[in-house]
């Protein structure tokens with residue numbers, strides 16, 4: 001047996017905030033539970049039956065009291081709700097300068113890839129102090145990416161991307177768990193997050209053979225899968241131009257506008273007919289089952305890297321709107 | 001109570017026929033309640049054996065006591081049996097079935113044969129589930145999450161799902177029967193606001209059973225269709241959406257929590273008033289809070305899914321509604337406490353259970369706030385914190401209420417008293433064992449131990465050993481009533497018609513009651529819980 005932990009380690013920028021709210025709730029719980037227990041025991045002893053003929057007088061109730069003990073708890077939960085919601089927004093909005101690590105859950109392992117191309121299994125090395133954004137998906141069942149020391153958890157859902165982020169504060173090695181039951185070896189789908197000083201992280205990255213970056217891999221796939229035939233850079237193709245697409249609003253055939261984030265691009269690859277860009281025909285075939293989740297992530301990374309060639313002025317691909325869709329970018333999926 | 005030996009009434013529902021046909025073809029709500037007590041007790045023992053296996057495995061961190069397959073089947077079996085075959089039918093099908101007609105002065109439920117049918121459906125559903133569990137087992141967790149259940153699980157998912165599907169109809173029929181009975185069969189003078197709060201609680205429960213259960217039935221059917229015929233409802237590889245399953249599943253399974261706890265709250269209102277000889281404080285608020293819980297309870301389901309990637313705005317709405325449902329629950333706790341004020345409190349076994357209920361339910365309710373709060377739910381969800389929270393509600397709440405009610409109405413059901421000292425001993429054992437089992441799990445969850453882990457990191461072992469030690473005490477405490485209550489059916493001291501001096505109509509007939517409950521139709525002239533006057537001893541015999 002190894003010690004008796006009563007507090008989880010605190011190793012991310014939000015861990016302290018979660019704990020502050022947690023212990024406020026503990027205090028409220030203690031206050032009310034102890035209060036109610038004392039009242040119950042006091043009444044039950046003070047007014048214990050002294051004779052079989054006891055006939056206490058009648059008390060019907062009190063509207064004033066009912067209001068008091070409805071309104072006070074209501075006021076308390078409104079505050080807790082607002083505090084919790086604010087923190088949740090914070091937990092779900094990665095900062096703009098975050099580096100993106102892709103996470104693919106597969107029974108029963110975690111496959112991770114750094115923006116520079118390094119791949120890891122069940123172990124994630126990250127620099128302290130830098131925001132890390134996780135784009136998470138699964139190849140089979142639902143999993144959940146859980147790092148208790150960071151106080152973050154996000155499901156890995158097959159068929160879609162979820163996003164989480166953290167900023168590690170303390171170098172060290174922390175548990176990574178799968179928190180959503182995924183079959184026989186669920187409890188062995190665990191690993192470590194290794195937080196390193198930024199210099200050490202740079203050394204770690206430099207070690208080993210230079211890997212292929214996700215963009216490079218995606219570019220190769222883009223050619224191999226013949227995406228390039230229709231998605232040409234010169235707007236003469238049958239599909240929309242992808243240069244400068246990422247992060248913009250896209251107007252759809254139905255008139256609505258969506259933001260071109262990871263989830264949108266993934267969906268457009270596996271179910272192209274779901275959201276057709278205004279002005280285009282739904283002629284793209286589905287790539288569902290023909291590309292792996294890691295390949296899709298590489299394609300997304302490649303499309304994300306496509307910038308508008310310099311010298312041209314706002315060639316805004318047909319159907320796109322330059323204004324950002326604020327609500328859309330805040331989406332967690 | 002006089003010292004001379006009493007005799008059971010000459011004619012009562014228990015001596016109205018002794019053959020197996022008189023039981024298996026009965027339409028008497030009281031006998032059907034007894035059939036249910038026997039059946040759910042058997043299922044409770046099975047669910048308890050699974051619980052023992054879980055706690056045994058978790059004694060050591062490396063999972064060396066059983067294989068992962070066995071462990072996963074154990075926690076799935078525990079959940080499926082305890083939820084679908086014990087907790088959901090527990091109080092409504094037993095105490096509710098027995099007492100609702102008696103409490104409102106009716107001769108039976110509105111549809112006695114449908115009542116019997118519901119028991120047969122329960123048994124058929126249980127047989128399917130037992131087959132699934134014992135012939136190979138089920139390893140999906142009681143939540144049947146897709147696409148694991150529909151594509152990847154290598155166990156008896158279809159049979160298990162059919163068991164849950166079938167037993168749902170027994171729940172629907174019971175709910176339907178209660179609603180019609182409460183509307184149409186109240187005795188003269190039994191107005192809505194003179195009804196015991198036990199009846200109000202069951203009315204609210206029945207609404208959930210009728211509106212919620214069909215949704216889980218459809219959902220389970222979709223799971224079976226996808227698993228057998230490979231439809232693409234939930235499997236993303238076939239164009240389905242796994243999150244859709246979670247919405248459908250929790251649309252029933254969250255309100256199902258209220259199916260389990262509301263009847264228990266109804267029991268507590270009866271116990272608190274009788275054992276403090278007081279009218280309930282704030283009758284209308286307690287009655288209406290049951291309906292409020294049933295109504296709002298339907299709008300909170302997605303709080304189980306805050307980390308599934310849903311939009312932060314929907315998460316906010318579901319969080320806010322979840323906080324709202326806490327208010328009527330808190331209201332009940334405050335009103336029960338206030339009822340004791342200036343009462344005449346007697347500490348007998350049922351009252352001890354009622355006091356335990358209030359304490360444990362309060363902790364269960366407050367820890368629910370940790371999970372309704374978005375910022376803390378992210379860390380706590382899918383950990384042992386959740387396991388501890390819902391066991392405080394299900395065991396500390398629902399089962400405490402069931403046991404308290406069972407002891408309270410035992411003389412009414414059997415005509416005999418249970419041994420009071422054994423009752424108190426088992427009550428204390430259950431309370432101590434329960435807290436030792438589940439309190440450490442709050443800490444385990446907070447420090448990060450996920451649910452459904454067959455092996456776990458070593459640093460979690462101390463808390464797990466404490467929990468297993470508590471579970472042994474809890475298990476022993478829960479076994480005791482099985483023996484002393486069983487013994488008292490044959491050997492217990494014969495009870496008077498109204499041993500507690502309670503005011504409800506059910507106590508104004510003999511114990512046990514005659515087959516048709518009352519020899520003369522009662523006429524109600526007073527409000528519920530009028531304890532200012534001594535009760536008329538078995539006035540309607």
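Annotation for the range B:302-378 versus the range A:262-307: alpha-carbon center distance of 45 Å. Classify the protein assembly as shown as rounded, prolate or oblate, taking a ≥ b ≥ c as the square roots of the eigenvalues of its Cα gyration tensor: rounded when a/c is under 1.5, otherwise prolate if a/b is larger than b/c and oblate if not. Verdict is prolate for the protein assembly as shown. Here residue B:69 and residue B:458 are evaluated by their C-beta separation; at R0 = 22 Å the FRET efficiency comes out at 0.45.
In this simple spin-label model, placing a label point 7 Å from the Cα along the Cα-to-Cβ direction at both residue A:20 and residue B:7 gives a separation of 7.6 nm. Taking the longest Cα principal axis of chain B as reference, the axis of helix B:461-491 is set at about 30 degrees.
The Cα atoms of the range B:1-143 define a convex hull whose projected area, averaged across directions, is 12.9 nm². Ranked for footprinting exposure by Cβ neighbours inside 10 Å, fewest first, A:215, B:69 give B:69, A:215. Could you list log10 I(q)/I(0) for the range B:29-508 at q = 0.06 Å⁻¹, which the Debye formula gives when each Cα is one point scatterer? Evaluating at q = 0.06 Å⁻¹ gives log10 I(q)/I(0) of -0.25. Cα centroids of the range A:44-110 and the range B:427-473: 23 Å apart. A compact globular protein would have a Cα radius of gyration near 2.2 N^0.38 Å; the ratio found for chain A is 1.34.
Compute the angle between helix A:214-224 and the longest alpha-carbon principal axis of chain A, please, reported from 0 to 90 degrees and rounded to the nearest 10. Between helix and principal axis, roughly 50 degrees.
Full extension of the segment from residue B:15 to residue B:314, taken as 0.36 nm per residue of separation minus the current Cα-Cα distance, would add 101.9 nm. Legend: P(r) of the range A:90-196 from all alpha carbon pair distances, 10 Å bins from 0, whole percents, reading 16, 54, 27, 2. What angle do you read, to the nearest 10 degrees and between 0 and 90, between the alpha-carbon axis of helix B:68-80 and the longest principal axis of chain B? Helix B:68-80 and the main axis of chain B meet at about 40 degrees.
With kT/(6 pi eta Rh) evaluated at 25 °C and eta = 0.890 mPa s, and Rh the Kirkwood radius from Cα pairs, the range A:1-59 diffuses with a coefficient of 155 µm²/s according to Stokes-Einstein.
Quick note: the coordinates plus some simple rules give every number you see, no bench work behind them. None of the values given here were measured: they were computed from a predicted structure. Heads up, the Cβs are rebuilt from the backbone with ideal geometry, glycines too, and the neighbour counts pull from every protein chain shown.
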